Amino acid sequence: MDSLPTPELVREQFSKWLDENWNPDYSLREWREVFVDSGWSVPHWPTNRFGKGLPAWSEGVVASHLRQRGVPGLPIGGGTFLAAPTILDHGSAEIQERFLRDILIGATTWCQLFSEPGAGSDLAGLSTKAVRDGDEWVINGQKVWNTSAHHADYGILLARTDTEAPKHSGISYFILPMKQEGVLVRPLLQMNHHQSFNEVFLTDARVPLSWTVGDVNAGWTVANTTLAYERKFGATFGEIRQRGNGRAAAEAHEEWLHYMETYKWYPQRAGRVDLIPSRLAETGHASNAISRDEALKVLSLQRVSALTAERARVLRELGHAPGPEGSVGKLATSNAARAAAQIHARMTGAAAMLDSSEESTDGVISEVILSVPAQSIAGGTDEVQRNILGERILGLPREPR
């Protein structure tokens, strides 16, 4: 652009490009190749990495215009929202050239291989090891709570490369090819009867030496970048939807349905605050002053959480990297979910223990109660978020390391 960019100018330029290049008869893959190669799919990225070098707010301008026009955007998932921005921030030129375009056009799927049976909240205590063997790393260990690992092409992996260094200093960050002999993926059955997660066993799995993201033994810094993007992704997860007409839009909708099958219990994990007003009437609690007061508190918590997420979005559009505000939003969401589960249980009574019911939403309430604890764990526990806020915002002494 010849002049200083403004949201209005970016929207005008993008709309003009879309008028000239969008064809609803494209396949989804054909459309994304055109879209990505134009620089408009990630306009805030550098011009030599599929972007236009525009300010961070341009991402939201383009996404909003795509939704208005019913045109598919980038693929959803860990590749687009976690792996790609982390690779852009920390990856070598070779890694960026090898992986970024394939992620953006949807040619590859990704999973996250961070947590371990003995290293969840204390992620830096992980024990999976990577030992160098010529021009490869040999990986041995176990990972757990790995969404989409059963069909992923690649995983972003943390492994220990120096057992003598302090635990935060001896970790490296790798891109692991998932479809190899040394990788075994097993699904986990959750207490709410869903199977969204997996455990992954690594036995002499191989990673090319050049697929190390960032410096060897400096993976903790890279991992924190990914976790910051994960909290951002979690805050906007429910807002992402593909709609429109034509072949590409139809294929994007099918892609969305397939992807969301794994996450269909997430509204219950968040407490189903949306059901509270109707449940007050259905259960006869609308006339109960205590129930109304509790409902108001939950709805207020949810509103505060939404405002926090909006503030974080505005900061990103102004060019700020994801920061501690993600932890504030994560805690607010957890608090709202727990409070919602409590009032749902109070209003529903013993029927909240029922697995299913054709007469009412009691079965959904049961799933809420079983699912809400996960909200305080996924993406970093509430305790970890409090540590982040205490250290980075309140200036409290750092946790002993």
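First measure r as the distance between the Cβ atoms of S169 and S27, then evaluate 1/(1 + (r/R0)^6) with R0 = 41 Å and state the FRET efficiency to the nearest 0.05.
Efficiency at R0 = 41 Å is approximately 0.30.
Largest first and in whole Å, give the semi-axes of the range 265-392's equivalent ellipsoid, each being the square root of 5 times a Cα gyration tensor eigenvalue.
For the range 265-392, the ellipsoid semi-axes come out as 30, 15, 12 Å.
What is the ratio of the Cα radius of gyration of the chain to 2.2 N^0.38 Å, where N is its residue count, to two decimals?
1.04
I want to verify the translational diffusion coefficient of the range 110-218 in µm²/s; compute it with Stokes-Einstein, Rh as the Kirkwood radius over Cα pairs, at 4 °C and 1.567 mPa s.
Estimated via Stokes-Einstein, D reaches 93 µm²/s.
Output the relative contact order of the chain, whole-number percent, from Cα pairs under 8 angstrom with separation of 6+ residues.
Averaging sequence separation for qualifying contacts and normalising by length gives 15 percent for the chain.
Hey, if you drop one equal point scatterer on each alpha-carbon of the range 7-76 and run the Debye formula without solvent, what base-10 log of I(q)/I(0) do you get at q = 0.11, 0.20, 0.21 Å⁻¹?
Per q value, in the given order, log10 I(q)/I(0) is -0.22, -0.78, -0.86.
Quick one: length gained pulling S38 to S15 fully straight, 0.36 nm per residue minus the C-alpha distance?
So the chain would gain 7.0 nm between S38 and S15.
What net charge is computed for the residues neighbouring W40, neighbours being all others with C-beta under 15 Å from the C-beta of W40, Lys and Arg scored +1, Asp and Glu -1?
Cβ neighbours under 15 Å give a net charge of +2.
Report the extension gain between H193 and V304 in nm, rounded to one decimal, defined as 0.36 nm multiplied by the number of residues separating them, less their alpha carbon distance.
Between H193 and V304, full extension yields 36.9 nm more.
Quick note: the coordinates plus some simple rules give every number you see, no bench work behind them. Just so it is clear, the structure is predicted and the values come from calculations on it, not from any experiment. Here the Cβ is made from the backbone with ideal geometry for all residues, glycine too, and neighbour counts use every protein chain on show.
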